[in-house]
Amino acid sequence: MSATRMMILGLVKWMQPVHGYDVRRELLSWGADKWASVQPGSIYHALRKLAQDGLLREVATEQVGARPARTTYEITPSGLDEFETLLRDLWWGNQQPADPFMAAFAFLPALPRPEVVAALRSRGKVIRAGVESMRASMESSWIRDSKPVGVAWTYELWIARGEAEADWCDRVADRIEAGVPYLPEGLAGRDGWTVVEPAPATAPTPGSEPGSAPDADGNA
């Protein structure tokens, strides 16, 4: 939420006077709904709330034809202080974003090894595809000619993170496939924790081959 407030205040400061529609369009053009958890449907509500809190002020409201009325916003001195406070908190902080994958990975032993290996390799491929897409965007005129240099630097960070995670997926998949134990020897089977392992393949015992039913004396 603090990131959303900071970005909306920053955009109003940058673009003012500005309609809420243009703030929303700019945030979506950045893809902020994907990497900053900015919910598109919440932007207008956030603008109104910031105005109620005295951080923005409504400059004008206009309506063209049958279109919905548009309110124009500017940032207030209090809003500028809030923007700079939030901005510095996010610059100097080291908050790790929530990642649902890590919640699943915490229960690594609960799935069969072959399934985990397949999932990790699939995840690595998907991440690498995204990396290639970002790399292509970085080399395009869309980034080079129409965006601030910070956009390209942001893509560099995403590419580096993506490559590192994809390589990690492959390394862990290799270890799991090689049979590296999940638990230290002294902890295996304790506290009701059950490690799901594939059933070992066993050679058929004499007389158990299909079609070799025993006779009345129990002989095959």
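Brief remarks on what is shown
- Test: S122 is at pLDDT below 95 and among the small types (G, A, S): no
- Restricting E185, E177 to residues that are open to solvent by 70 Å² or more (accessible area, probe 1.4 Å), over 25 Å from L27 (Cβ atoms), touching a residue at least 60 places away in the same chain (Cβ under 8 Å) and not aliphatic (A, V, I, L, M) narrows the list to E177.
- Residues in region 67-112 that are assigned to a loop (DSSP other than H, G, I, E, B), open to solvent by 100 Å² or more (accessible area, probe 1.4 Å) and at pLDDT 90 or above: F107 alone.
- Pair list, Cβ under 9 Å, 6 or more apart: region 150-168 residue closer than 15 Å to S137 by Cβ, other residue open to solvent by 60 Å² or more (accessible area, probe 1.4 Å) and charged (D, E, K, R): A152/R144; Y155/R135; I159/R135; G162/R128
- Tabulated pairs, region 90-106, first under 16 Å from T4 (Cα atoms), second in a helix (DSSP H, G or I), C-beta under 8 angstrom, 6+ apart or interchain: L90/S2; L90/A3; L90/M6
- Every residue from region 35-61 that is modelled with pLDDT under 75, in a loop (DSSP other than H, G, I, E, B) and open to solvent by 30 Å² or more (accessible area, probe 1.4 Å): S37, Q39
- Output for region 1-20, where each listed residue is at pLDDT 85 or above and not in a helix (DSSP H, G or I): P17
- Residue identified as in a helix (DSSP H, G or I), modelled with pLDDT of 90 or more and surrounded by 14 or more Cβ atoms within 10 Å (Cβ to Cβ) among A129, A160, A166: A166
The values are calculated or read from the model by the stated rules, or taken from the named source; none is laboratory data. These numbers were taken from a predicted model, which means no experiment stands behind them. Here the Cβ is made from the backbone with ideal geometry for all residues, glycine too, and neighbour counts use every protein chain on show. Side chains included, ligands, DNA and RNA excluded: accessible areas come from the protein's heavy atoms. Shrake-Rupley method; radii C 1.70, N 1.55, O 1.52, S 1.80 Å.
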